[in-house]
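The values are calculated or read from the model by the stated rules, or taken from the named source; none is laboratory data. Model, not experiment: these values are computed from the prediction. When we count neighbours, we look across all protein chains shown, and the Cβ atoms used for this are built from the backbone with ideal geometry, even at glycine. The accessibility values were calculated without ligands, DNA or RNA, using every heavy atom of the protein model including side chains. Shrake-Rupley method; radii C 1.70, N 1.55, O 1.52, S 1.80 Å.
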Amino acid sequence: LELEALSINLEFRRMRNFILLVVLWVGVATATTSQEKHAAHAAAASHSTTILAGGNTGLAGNALAKCDRSTVNDAQFPTTGWRRSDLCSAEDTDHGSHFVCVNMPTDFWVKTGQAKSTEDAVANWPKPGPWCICMWAYASYLQKEPDFVEDVICDATNEWVLEKYDKTVLSQCKALMSLCKKCSLTSGVCPTSC
């Protein structure tokens, strides 16, 4: 009987946490401005409880370095990462896969379609500088700007990109290959061609 009660209590807690995350994610989905989206994101991230295995490991297998925003004068967005801890960590609720640390260029938000215009990017989005970006946005932007790989900060990029990029998708294969080359990786997951 005690075991059954414990099981019911555990299931109740899981359901409560799931409902809380759904409510928080609805906040993210219904936010209309980038500031509202970032605030809703921060609220959802504060309830994330699981850092995935290897979630704080960099590309070379070392401890994940900070994607350090301290050099950027940005009062609206002083920190980056899913938990806004300046780490591009891999967590169970980060469905955007913000694993790639880059020295973000000025036109990033517009070229990736996240900002409506340059004016919108300047007013409502993080300023250029170190930022944990979505691995899919990295692959997309790299297609438009092949030199974007030079903006990658290797020791602050999460090793999860090595597992999560799909080598059968050309843009992802090229993104993975660029990271392997830039960061001098010799891992068996690094493609030699796409």
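Taking amide H atoms as placed 1.01 Å from N in the peptide plane, list the residues 5 or more away in sequence, or in a different chain, whose amide H sits under 5 Å from that of M104.
G129, W131
Over all distinct Cα pairs, what is the inverse of the mean 1/r for the stretch 117-170, reported as the Kirkwood hydrodynamic radius in Å?
One decimal place: 12.9 Å for the Kirkwood radius.
Amide H neighbours of N56 under 5 Å, at least 5 residues apart or on other chains, H built in the peptide plane: list them.
A90
Considering only the other residues whose Cβ falls under 13 Å of the Cβ of G113, what net charge follows from Lys and Arg at +1 and Asp and Glu at -1?
Working: positive: K111, K116, K144; negative: D107, D120.
Result for the local shell: +1.
Once you've got the Cα coordinates, tell me which of K127/K167; K116/K181; K111/K174; K66/K116 are over 26 Å apart. Numbers along the way, then the final one.
Numbers: K127/K167 31 Å; K116/K181 33 Å; K111/K174 18 Å; K66/K116 29 Å.
From K127/K167; K116/K181; K111/K174; K66/K116, over 26 Å: K127/K167; K116/K181; K66/K116.
Just the number, please: carbon plus sulfur as a percent of the accessible area of the stretch 144-194, 1.4 Å probe, no ligands or DNA/RNA counted. Before the final figure, lay out the partial values.
Numbers: 1400 of 2820 Å².
Here carbon and sulfur together make up 50 percent of the probe-accessible area.
Taking the Cβ of C194 as the center, what net charge do the other residues with Cβ under 14 Å away carry, scoring Lys and Arg +1 and Asp and Glu -1?
Numbers: positive: K167, K174, K181; negative: D166.
Net of charged neighbours comes to +2.
Within the set of other residues whose C-beta is less than 12 Å from the C-beta of F99, count the net charge using Lys and Arg as +1 and Asp and Glu as -1.
-3
Would you mind working out the magnitude of the charge dipole of the stretch 76-194 relative to its Cα centre, with +1 at each Lys and Arg C-beta and -1 at each Asp and Glu C-beta, to the nearest 20 Debye? Please report the intermediate quantities before stating the final value.
On the way: 11 positive and 15 negative charges, 39 e Å.
With Lys and Arg at +1 and Asp and Glu at -1, about 180 debye.
Could you rank the peptides 119-132, 59-72, 180-193 by their average count of other C-beta atoms within 10 Å per residue, with the highest value first?
Working: 119-132: 19.2, 59-72: 16.4, 180-193: 12.1.
So the peptides 119-132, 59-72, 180-193, ranked by packing, come out 119-132, 59-72, 180-193.
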